[in-house]
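Colleague: The structure's right below; bear with me while I get my questions together.
The values are calculated or read from the model by the stated rules, or taken from the named source; none is laboratory data. Treat the numbers as computed from the prediction; the structure is a model and nothing was measured. Note that we place each Cβ from the backbone using ideal geometry, even for glycine, and neighbour counts take in every protein chain shown.
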Amino acid sequence: MRIIPPTIADYNERALAAHTRRFEFLAAGLDAASVPLAADSDPGAAGLDALLDRLMAFQVAIPSWALGAGGTRFGRFGQTGEPRNLEEKIEDVGLLHTLNRSSGAISLHIPWDIPDDAARIRTLADSFGLVFDAMNSNTFQDPQYKYGSLQHVDKSVRKKAIEHNKEVIRYGQALGSKCLSVWLADGSNFPGQLNFREAFQNTLESLRDIYTNIPEDWKLLLEYKPFEPNFYSTTVADWGQSLLYISKLGPKAFTLVDLGHHLHGTNIEQIVALLLMEGRLGGFHFNDSKYSDDDLTVGSIKPYQLFLIFCELVQGTDHTPDISLMIDASHNVKDPLEDLLQSVEAIMIAYTQALLVDWNRLRLARESNDVVAAQETLQDAFRRDVRPLVAEARYRAGGALDPLAVYRGESVRKGLTTERGSGGRATGL
């Protein structure tokens, strides 16, 4: 199912007058000559139009496994009209990108979504204006990985996991991807189950084998997680362990931060700042949580934390051009496409708010140890309703002023159900 530009234009026309009033009111409150874009911005790059250009250029990848209903170990509530194959998943991401103009990449998980005909798949993605972001390997479902994959005491099992990652790289090359993302379920559930040092060394040896196959213009991202599915130990448990591994691999290896992969209360924005400082932040998996790896809609629980993370990204990079950004959520009670529209909107809002921080004021407050002024500076930006800016950028890029309104107004889920039926199940979670 496709939504054609005239349909979006019709919805935009109906909403344009109200949007223009909100946008002009917000724009009038901004000094168009001095809209701050970063702590170290070139003053010539400032201004409202430059800010909108930044927003129009910003893209976040959609994972192929997030387009059907997710679930938990207690159950899965299927969604009608789920994509039945990779082609239909690409169509769904294309639909999202048509609406919001910020979802121009798709991230595949192998073997859930193997491109049998890479040239045809790439052509289909091109027709929607999509590129392929990180390729994700899977070494946690095969029965042989019950006691680990890259860490396994049996060298033949480690070899199988290594070869799988090499296979994923080959698929990625055929699709034009430039990144391999590795997450390991390896670890232990009971004290004494494994030797920590040997598990580390086995994993490092395996990663080094994989790393030698990373093309020169690629990145290897190593994700970490403190627990689950193993609960006593995990072999890449936190950002420090990930950094230790990648530091031993080489300059093409980076740490990947999943917002749900932290113990309760962890200061994720500090982790982001330090990884940026070391030049080893390679990617993000965006989601939200109340407890740990809840995989909830981005910004639904901790929007201020999301904003603070983007503050570090805005300060520490040229606005994330070389960092792989992806949504990683498991949708069990929502229409997954609606959830993804909400997640992209939350990310765009947080990014915009971070761009509007008065970095000079914040610097002066820090230098004078004025804690109150520092807090007020950040919260002034966070409390600003920037939705009209996000909508204006989307509108200028050819998207919908209100993507969710178009999605619901056009009864997209009903249309997908008519096309695909109600009994299909998407591969993935």
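Here is a yes/no grid of residues against (1) farther than 22 Å from PRO303 by Cβ; (2) touching a His at 6+ places or on another chain (Cβ under 7 Å); (3) aromatic (Phe, Trp, Tyr); (4) at pLDDT below 95:
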site: VAL333; (1), (2), (3), (4): no, no, no, yes
site: GLU338; (1), (2), (3), (4): no, no, no, no
site: VAL344; (1), (2), (3), (4): no, no, no, no
site: TYR351; (1), (2), (3), (4): no, no, yes, no
site: ALA391; (1), (2), (3), (4): no, yes, no, no
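Colleague: Could you grab me the full set of residues in the range 165-190 that are closer than 14 Å to TYR147 by Cα and surrounded by fewer than 14 Cβ atoms within 10 Å (Cβ to Cβ)?
Modeller: Matches in the range 165-190: ASN189, PHE190.
Colleague: Mind checking whether some residue in the range 115-135 is assigned to a helix (DSSP H, G or I) and in contact with a strand residue (DSSP E or B) (Cβ under 6 Å, 6 or more places away or on another chain)?
Modeller: Applying the first criterion (assigned to a helix (DSSP H, G or I)) to the range 115-135 yields 118-127.
Imposing the further condition that a residue be in contact with a strand residue (DSSP E or B) (Cβ under 6 Å, 6 or more places away or on another chain) reduces the set to none.
The answer is no; no qualifying residue exists.
Colleague: Does ALA69 qualify as being under 17 Å from the mean Cα position of the chain (by Cα) and either at pLDDT 95 or above or within 23 Å of ARG2 (Cα to Cα) (or both)?
Modeller: Numbers: under 17 Å from the mean Cα position of the chain (by Cα): no; either at pLDDT 95 or above or within 23 Å of ARG2 (Cα to Cα) (or both): yes.
So ALA69 does not fit the description; no.
Colleague: For VAL236, which of the numbered conditions (1) surrounded by fewer than 23 Cβ atoms within 10 Å (Cβ to Cβ); (2) closer than 28 Å to GLY192 by Cβ; (3) over 19 Å from the mean Cα position of the chain (by Cα); (4) of a type outside the set (S, T, N, Q) fails to hold?
Modeller: Of everything listed in (1) surrounded by fewer than 23 Cβ atoms within 10 Å (Cβ to Cβ); (2) closer than 28 Å to GLY192 by Cβ; (3) over 19 Å from the mean Cα position of the chain (by Cα); (4) of a type outside the set (S, T, N, Q), VAL236 misses just condition (1).
Colleague: Kindly provide the set of residues from the range 328-378 that are of a type in the set (A, V, I, L, M) and surrounded by fewer than 17 Cβ atoms within 10 Å (Cβ to Cβ), ordered by number.
Modeller: Listed by number, the residues that qualify are VAL333, LEU364, VAL371, VAL372, ALA373.
Colleague: Restricting to the range 338-377, and then to whatever is outside any helix (DSSP H, G or I) and in contact (Cβ under 8 Å) with a residue 40 or more places away in the chain, can you tell me which residue is farthest from LEU67 (Cα to Cα)?
Modeller: Going through the qualifying residues, I end up with ASP358.
Colleague: Show the residue pairs meeting these rules: Cβ distance below 7 Å; 6+ apart or different chains; first residue within the range 158-181 and closer than 15 Å to SER206 by Cα and touching a residue at least 60 places away in the same chain (Cβ under 8 Å); second residue surrounded by 15 or more Cβ atoms within 10 Å (Cβ to Cβ) and of a type in the set (Gly, Ala, Ser).
Modeller: SER181/ALA134; SER181/GLY283
Colleague: Just to be sure I understand the filter: pairs with C-beta atoms under 6 Å, separated by 6 or more residues or on different chains, first member in the range 95-122 and on the phi > 0 side of the Ramachandran plot, second member assigned to a helix (DSSP H, G or I). Which pairs pass?
Modeller: Matching pairs, first to second residue: ARG101/ARG394.
Colleague: I've got another one for you. If we keep just the residues of the range 1-56 that are basic (Lys, Arg), closer than 30 Å to ILE90 by Cα and assigned to a helix (DSSP H, G or I), which is modelled with the highest pLDDT?
Modeller: Looking only at the range 1-56, we keep the residues that are basic (Lys, Arg), and these are 2, 14, 21-22, 54.
If we keep only those that are closer than 30 Å to ILE90 by Cα too, we end up with 2, 14, 54.
Add one more test, that the residue is assigned to a helix (DSSP H, G or I), and what stays is 14, 54.
Working: ARG14: 98, ARG54: 94.
So the residue we want is ARG14.
Colleague: Sticking with this structure for a sec: Find the residue count for the range 413-429, including only residues that are surrounded by fewer than 22 Cβ atoms within 10 Å (Cβ to Cβ) and touching a Leu at 6+ places or on another chain (Cβ under 9 Å).
Modeller: Adding up the residues that qualify gives 3.
Colleague: Restricting attention to the range 303-316, does a residue exist that is surrounded by fewer than 18 Cβ atoms within 10 Å (Cβ to Cβ), more than 21 Å from THR377 (Cβ to Cβ) and either over 15 Å from the mean Cα position of the chain (by Cα) or at pLDDT below 95 (or both)?
Modeller: Scanning the range 303-316 turns up no residue that is surrounded by fewer than 18 Cβ atoms within 10 Å (Cβ to Cβ), more than 21 Å from THR377 (Cβ to Cβ) and either over 15 Å from the mean Cα position of the chain (by Cα) or at pLDDT below 95 (or both).
Colleague: Shifting gears a bit: Look at GLY148 and say whether it is surrounded by 15 or more Cβ atoms within 10 Å (Cβ to Cβ), in a helix (DSSP H, G or I) and at pLDDT 95 or above.
Modeller: no
Colleague: Inspect all residues belonging to the range 114-135 and state whether any of them is in contact with a Pro (Cβ under 6 Å, 6 or more places away or on another chain), of a type outside the set (Ser, Thr, Tyr) and either within 25 Å of ILE323 (Cβ to Cβ) or at pLDDT 95 or above (or both).
Modeller: The answer is yes; a qualifying residue exists.
Per-residue answers, yes or no, for (1) closer than 30 Å to THR297 by Cα; (2) touching a residue at least 60 places away in the same chain (Cβ under 8 Å); (3) buried (at least 18 other Cβ atoms within 10 Å of the Cβ); (4) not aliphatic (A, V, I, L, M):
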| site | (1), (2), (3), (4) |
| --- | --- |
| LEU194 | no, no, yes, no |
| SER206 | no, no, yes, yes |
| LYS225 | yes, yes, yes, yes |
| PRO251 | no, no, no, yes |
| ILE268 | yes, no, yes, no |
| GLU278 | yes, no, no, yes |
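Colleague: Could you say whether any residue in the range 231-248 is part of a loop (DSSP other than H, G, I, E, B), over 29 Å from PHE307 (Cα atoms) and among the hydroxyl-bearing types (Ser, Thr, Tyr)?
Modeller: Yes.
Colleague: Shifting gears a bit: Which of the residues belonging to the range 150-198 are of a type in the set (Gly, Ala, Ser) and in contact with a His (Cβ under 9 Å, 6 or more places away or on another chain)?
Modeller: Those that are of a type in the set (Gly, Ala, Ser) and in contact with a His (Cβ under 9 Å, 6 or more places away or on another chain): ALA161, SER181.
Colleague: What single numbered condition from (1) closer than 30 Å to ARG122 by Cβ; (2) out of contact with any helix residue (DSSP H, G or I) (no Cβ under 7 Å at 6 or more places or on another chain); (3) in contact (Cβ under 8 Å) with a residue 24 or more places away in the chain; (4) of a type outside the set (Ser, Thr, Tyr) fails to hold for ASP142?
Modeller: Going through (1) closer than 30 Å to ARG122 by Cβ; (2) out of contact with any helix residue (DSSP H, G or I) (no Cβ under 7 Å at 6 or more places or on another chain); (3) in contact (Cβ under 8 Å) with a residue 24 or more places away in the chain; (4) of a type outside the set (Ser, Thr, Tyr) one by one, ASP142 breaks only (3).
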